[in-house]
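Accompanying notes for the structure given below.
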Amino acid sequence: MDQVVELSYALDTFYFLVSGALVMWMAAGFSMLEAGMVRAKNTAEILTKNISLYAIACVMYMLMGYSLMYPGDGINAFWPGLPSLLGSADNAAADVIASNGDIYYSNLSDFFFQVVFVATAMSIVSGAVAERMKLWAFLAFAVVMTGFIYPLQGYWNWGGGFLTAESWGIGYVDFAGSGTVHMAGAAAALAGVLLLGARKGKYGDDGSIHAIPGANMPLATLGTFILWLGWFGFNGGSELKLSDVGEANAVALVFVNTNMAAAGGVIAALIAARVLFGKADLTMALNGALAGLVAITAQPLDPSPLLATMIGAIGGVLVVFSIVGLDKMKIDDPVGAISVHGVVGIWGVMAVCLSSADATFIGQLIGVASIFAWVFGASLLTWFIIKKVMGVRVSEEEEYNGVDISECGMEAYPEFTNK
Amino acid sequence: MDQVVELSYALDTFYFLVSGALVMWMAAGFSMLEAGMVRAKNTAEILTKNISLYAIACVMYMLMGYSLMYPGDGINAFWPGLPSLLGSADNAAADVIASNGDIYYSNLSDFFFQVVFVATAMSIVSGAVAERMKLWAFLAFAVVMTGFIYPLQGYWNWGGGFLTAESWGIGYVDFAGSGTVHMAGAAAALAGVLLLGARKGKYGDDGSIHAIPGANMPLATLGTFILWLGWFGFNGGSELKLSDVGEANAVALVFVNTNMAAAGGVIAALIAARVLFGKADLTMALNGALAGLVAITAQPLDPSPLLATMIGAIGGVLVVFSIVGLDKMKIDDPVGAISVHGVVGIWGVMAVCLSSADATFIGQLIGVASIFAWVFGASLLTWFIIKKVMGVRVSEEEEYNGVDISECGMEAYPEFTNK
Amino acid sequence: MDQVVELSYALDTFYFLVSGALVMWMAAGFSMLEAGMVRAKNTAEILTKNISLYAIACVMYMLMGYSLMYPGDGINAFWPGLPSLLGSADNAAADVIASNGDIYYSNLSDFFFQVVFVATAMSIVSGAVAERMKLWAFLAFAVVMTGFIYPLQGYWNWGGGFLTAESWGIGYVDFAGSGTVHMAGAAAALAGVLLLGARKGKYGDDGSIHAIPGANMPLATLGTFILWLGWFGFNGGSELKLSDVGEANAVALVFVNTNMAAAGGVIAALIAARVLFGKADLTMALNGALAGLVAITAQPLDPSPLLATMIGAIGGVLVVFSIVGLDKMKIDDPVGAISVHGVVGIWGVMAVCLSSADATFIGQLIGVASIFAWVFGASLLTWFIIKKVMGVRVSEEEEYNGVDISECGMEAYPEFTNK
């Protein structure tokens, strides 16, 4: 084979692997963000949930999800059918992603990149249902979500399904998944939260709302920075190819726009919180950064850096109002995941119309509506079945004492808190 | 275009983006380091400062700084003029950095790399003024520093200004910015600290000095490791090019020397603290690592690994004496930023003479003096105006209760501390 | 030189440097894991140990270790002999790793990759001897381990020694060091623990075993995620070359298998702990992830992803039983390092037989036995000499008050704990 083609293949594979490693790192980001935002007595459990859901996502996506989401030939010819899982000698021939005789990058690097995306979608759920859900009920949901619910709709956008322009002529444009990943995760979370109900003490009988501050703000901040860094892999890797001038410029623009949108989100959320609450609110600044990142994810390639900053800034304002609004509706989301990934995810999908000629308002709307309908509906059914089979909520006493004791039999900070 | 040239362009762009992502990660490092070094009651505010200053740096550098610092044609022809910000179609043509018909790497990857440097310089300031400054006064300074003060002097060294050998014949050599970034940040910090005064209770009327221990040593250690990792991008990326044997060897040497200087700094600071205080002092070991990194930053390419270790080790000893010395002068710097980045930054610039034939003692001195004079002077003026307009220091009562309550209305560790 | 060859050289060098940076990051992972697993009163000391051992490893390996481990010509011709350390002009010519006229990648990138491996081996020791060892005794051991004990046996496998098939015909296969790095570290740790004895209060006179919970579970979880991420560099970089289709596919498979083994380890350890203790145990899930990673390290290139998951899962079960078993034998290892890296390291080496035709049961066994015998024996002698010269254990009172006070003169969390 031509040595230059081989080198190009190696570079694109490496770019994919580095991007995937950065997305894997987002699992640590979600863990730290959520561990910082809950009370000390529920911290060990949310850490257990986070590392376990990542592991489950990897295994389920290997066994089921990947072939459901990318059933096109070339890929399912070898993965994850039994021959491959058992290590057949034919794998080597199919290790490349090719088209028309050209080869692009290692198929396994593509799998690695996709599998860490699934874990991201699932991580969104764990924060929203924190502090009151049974651990094993959550893990059971993770099996269904990562093996079936997520990949089935992922196929619509990325696997050749009906949301691709080529199939039905609908121009749904969602570059790295504001809708397909983030809103999908938020929809599953919302279904869980509605079935689960609010934490005890969060909403008074008299309509009052009680703030329940997180136990460890440095952890939450660290988690946000980890996610910000990981997002360079999430969006940057979604260009899929790097190895010529046009592609390299595209990846560079994606990095710049991703960074600027997050910066815009921080500043806008900080100012919005200052106006609303009279103080600079750290948790709002953190959520603003994440909102900016979610907002630009659907299209980091077409906007100018200034427009990317604006799209992120609007996300940052939206997230502040959404968090306040959901609390008024008594939808209890301890870390703001439904606002950050759901409400702002929808904004991100719709904002594609601002910069991309390919996107139409109606096409984006159909995408949002169909993804939400499927994920919310399927999740509600799944949560419901789990509730009937094993229950989803810990007892009042267990919730009062903290789920760390009841679910994990240990404390996250045994020496720091006075009980 | 030649496919090999395209591939080379793609590799250099990717190398730049990975380096930039590592430098962005340093923002998390400064946040954790500073959050660990202050008292619990001032932690949420310093986290808010850190994420906000990063966002402000990105926006101000996009709007102003980059074109002030790199006003040469080729670049300012498209950035950040209105056409680019609004997304004109002409951008694509200007997306490459080229010279004499050769193209090198994506211009946007260069912008990404530069913008994270600005944030680094600004991060240095936040630690030094911790525990007593008004949040919004700090953010106002961040706007001026990242939009004007830093880029104007950055131009001297890297944008074609008078510190480049070609312009005035002065051989100021500062590879990745011991002076241009680190000492510049420390000069701005020093100006702020002088105007602000020491924390209440730090220096007794009888001349006594009271240690105020940081609340969370694991965080400070984590921050140091993050910075160490990020520095591979900071110094490694400053070679700007990777794609041939000579450049690849150069980047590898930069990685090795950066690592060895930090290692030398740790060991030297550990021993110096043992001799001075009789114990192994963790904060000194951490500052030793950072001192080694700052010291080698001005020239990680010419020294042998052994010399790099020595340069770092001298930095590690210097930082211990500087921290003790500044305390004697009642210059209150809670995290030691002025010592690490300022005093050792000067050492780093001067140490270039040990290994680089291009560098002259007088040339390096002129660089240090001019950068310090400009940044210190302009910062003092800016801090002074901010003081007149909105005040820079919180009230005594607010300082006593912690700036988290007064500035952010929240606590960083609501369940861990007994107030 | 051919431009394509130069580009290939640059890509392989960059791949090596990125991998090395990820392995360096594992130093932060060990620090956080160990700091989270010990009690608050011993946290500052373990942080000091971790950053210091990394620095010592870098310096000792530069001065001694690298040339002991890779004495072949080509390399020791310039490194780390005096000419190189002093910066002789001949370095440039020797900066490349070449064979038969072909060049591959920068020699210094190879050194950088190797030096961070040494630090990994040494990091394993620090956790096992935590909470009762004298700091300077530990650092003295680090000097001997990283300068002599580790490199001498590293030579057997990777430097051309008797464990390479070419030399004696023994097919010892250990891709990235389940035995050469991890079990070696654990053997040194075991020797230290045996000489040191258990922590006071761990084992009652009546044969009872008292759990001593770690102070900070989020830190321990963060450390595990850092190690997981870093392992992509550890295993991924050990392929040594990336720049053609076959190598790129190999590296991609290594990433996938590394990730899947860790995932398998988490799930298996979680279930094993549920069965044994009736609860989902977070520390076991974390140790399960690490066990999966250690297990796959000896051969991440031959197994299918499903087999890799199984190998990791068996590691995850083994680690749970090993931790329980070592406690029964009153071998006190506060972080489970001997189980994770030693017991599972042996499993990893032996498991190579499941997928690699090159590996024989007897060859793997000889590798394990010879590495263990050398490292354990040499370490025991070294610890013994250190014990005679300066003592290895702090006094009972110092242990009771915490080694932070006695060894570092400071506290890690001065405001969080009630003493």
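The values are calculated or read from the model by the stated rules, or taken from the named source; none is laboratory data. This one's a predicted model, so the numbers in the text were calculated from it and none came from an experiment. Quick reminder, even Gly has a Cβ in these numbers, built from the backbone with ideal geometry, and neighbours come from all protein chains shown. We work out accessible area using only protein heavy atoms, side chains counted, and drop any ligands, DNA or RNA first. Shrake-Rupley method; radii C 1.70, N 1.55, O 1.52, S 1.80 Å.
Residues that are open to solvent by less than 10 Å² (accessible area, probe 1.4 Å) and modelled with pLDDT under 90: does the stretch A:70-91 have at least one? Taking every residue of the stretch A:70-91 in turn, at least one turns out to be open to solvent by less than 10 Å² (accessible area, probe 1.4 Å) and modelled with pLDDT under 90.
Determine, yes or no, whether A:Ala272 is facing chain B (nearest Cβ under 9 Å), open to solvent by less than 40 Å² (accessible area, probe 1.4 Å) and outside any loop (DSSP other than H, G, I, E, B). Against the criterion (facing chain B (nearest Cβ under 9 Å), open to solvent by less than 40 Å² (accessible area, probe 1.4 Å) and outside any loop (DSSP other than H, G, I, E, B)), A:Ala272 does not qualify. Is it fair to say A:Tyr54 is touching a strand residue (DSSP E or B) at 6+ places or on another chain (Cβ under 7 Å) and either at pLDDT below 95 or not basic (Lys, Arg) (or both)? So A:Tyr54 fails the test.
On the stretch given as the stretch C:215-242, residues that are of a type outside the set (A, V, I, L, M), closer than 26 Å to C:Val181 by Cα and not in a helix (DSSP H, G or I) total 1. Note on the stretch C:142-164: residues that are in contact (Cβ under 8 Å) with a residue 24 or more places away in the chain, open to solvent by less than 10 Å² (accessible area, probe 1.4 Å) and more than 16 Å from the chain's Cα centre (by Cα) total 1. Looking only at residues in the stretch B:1-37 that are at the interface with another protein chain (Cβ under 7 Å from one of its Cβ atoms) and within 13 Å of the chain's Cα centre (by Cα), the one that is surrounded by the most Cβ atoms within 10 Å (Cβ to Cβ) is B:Ser31. Scan the stretch C:313-324 and give yes if some residue there is within 12 Å of chain A (Cβ to nearest Cβ) and either at pLDDT below 95 or more than 30 Å from A:Val38 (Cα to Cα) (or both), otherwise no. Yes, the stretch C:313-324 has at least one match.
Could you please let me know if C:Gly197 is surrounded by fewer than 19 Cβ atoms within 10 Å (Cβ to Cβ), closer than 22 Å to C:Met145 by Cα and more than 14 Å from chain A (Cβ to nearest Cβ)? Considered against the rule, which asks whether it is surrounded by fewer than 19 Cβ atoms within 10 Å (Cβ to Cβ), closer than 22 Å to C:Met145 by Cα and more than 14 Å from chain A (Cβ to nearest Cβ), C:Gly197 comes out as yes. If you filter the stretch C:118-135 down to residues that are polar (S, T, N, Q) and within 8 Å of the chain's Cα centre (by Cα), you find that the one that is nearest to C:Asp404 (Cα to Cα) is C:Ser123. Within the stretch A:373-419, the residues that satisfy the criterion of being hydroxyl-bearing (Ser, Thr, Tyr) and touching a residue at least 24 places away in the same chain (Cβ under 8 Å) are A:Ser379, A:Thr382, A:Tyr400, A:Tyr413, A:Thr417. Across the stretch C:282-293, what is the total count of residues that are over 20 Å from C:Leu307 (Cβ atoms) and more than 8 Å from every other protein chain (Cβ to nearest Cβ)? Here the count works out to 2. If you go through the stretch B:401-419 and keep only what is under 17 Å from B:Ala137 (Cα atoms) and open to solvent by less than 20 Å² (accessible area, probe 1.4 Å), you end up with B:Gly402, B:Val403, B:Asp404, B:Cys408. Counting only helices (runs of 4 or more DSSP H) that sit wholly inside the stretch A:105-176, those with at least 2 residues that are within 14 Å of chain C (Cβ to nearest Cβ) and not polar (S, T, N, Q) are A:107-128, A:135-144. Looking only at the stretch C:237-248, count every residue that is more than 13 Å from chain A (Cβ to nearest Cβ) and farther than 15 Å from C:Val23 by Cβ and tell me the total. Here the count works out to 0. Residue count for the stretch A:296-326 under the criterion of being hydroxyl-bearing (Ser, Thr, Tyr), farther than 16 Å from A:Leu276 by Cβ and part of a helix (DSSP H, G or I): the result is 2. What are the residues in the stretch A:385-400 that are closer than 17 Å to A:Val129 by Cα and either surrounded by 11 or more Cβ atoms within 10 Å (Cβ to Cβ) or not charged (D, E, K, R) (or both), if any? Across the stretch A:385-400, the qualifying residues are A:Ile385, A:Ile386, A:Lys387, A:Met390, A:Gly391, A:Val392, A:Arg393, A:Val394, A:Ser395, A:Glu398, A:Glu399, A:Tyr400. Of the candidates C:Lys330, C:Lys279, the single residue that is more than 10 Å from chain A (Cβ to nearest Cβ) and surrounded by fewer than 21 Cβ atoms within 10 Å (Cβ to Cβ) is C:Lys330. For the stretch C:363-384, what are the residues that are surrounded by 13 or more Cβ atoms within 10 Å (Cβ to Cβ) and of a type in the set (A, V, I, L, M)? Result: C:Leu365, C:Ile366, C:Val368, C:Ile371, C:Val375, C:Ala378, C:Leu380, C:Leu381. Of all positions in the stretch B:198-212, none carries a residue that is under 30 Å from B:Ser19 (Cα atoms) and at pLDDT 95 or above. Only residues that are surrounded by 24 or more Cβ atoms within 10 Å (Cβ to Cβ) and more than 11 Å from every other protein chain (Cβ to nearest Cβ) were counted across the stretch C:202-236, and they come to 2. Filter the stretch A:251-269 down to the residues that are open to solvent by 10 Å² or more (accessible area, probe 1.4 Å) and facing chain B (nearest Cβ under 9 Å), then identify the one that is farthest from A:Val340 (Cα to Cα). Among those that are open to solvent by 10 Å² or more (accessible area, probe 1.4 Å) and facing chain B (nearest Cβ under 9 Å), it is A:Leu253.
Restricting to the stretch A:294-304, give me the number of residues that are surrounded by 24 or more Cβ atoms within 10 Å (Cβ to Cβ) and within 8 Å of chain B (Cβ to nearest Cβ). So the count comes out to 1. Every listed requirement among (1) at pLDDT 95 or above; (2) in contact with a Phe, Trp or Tyr (Cβ under 9 Å, 6 or more places away or on another chain) is met by B:Gly65 save one, (1).
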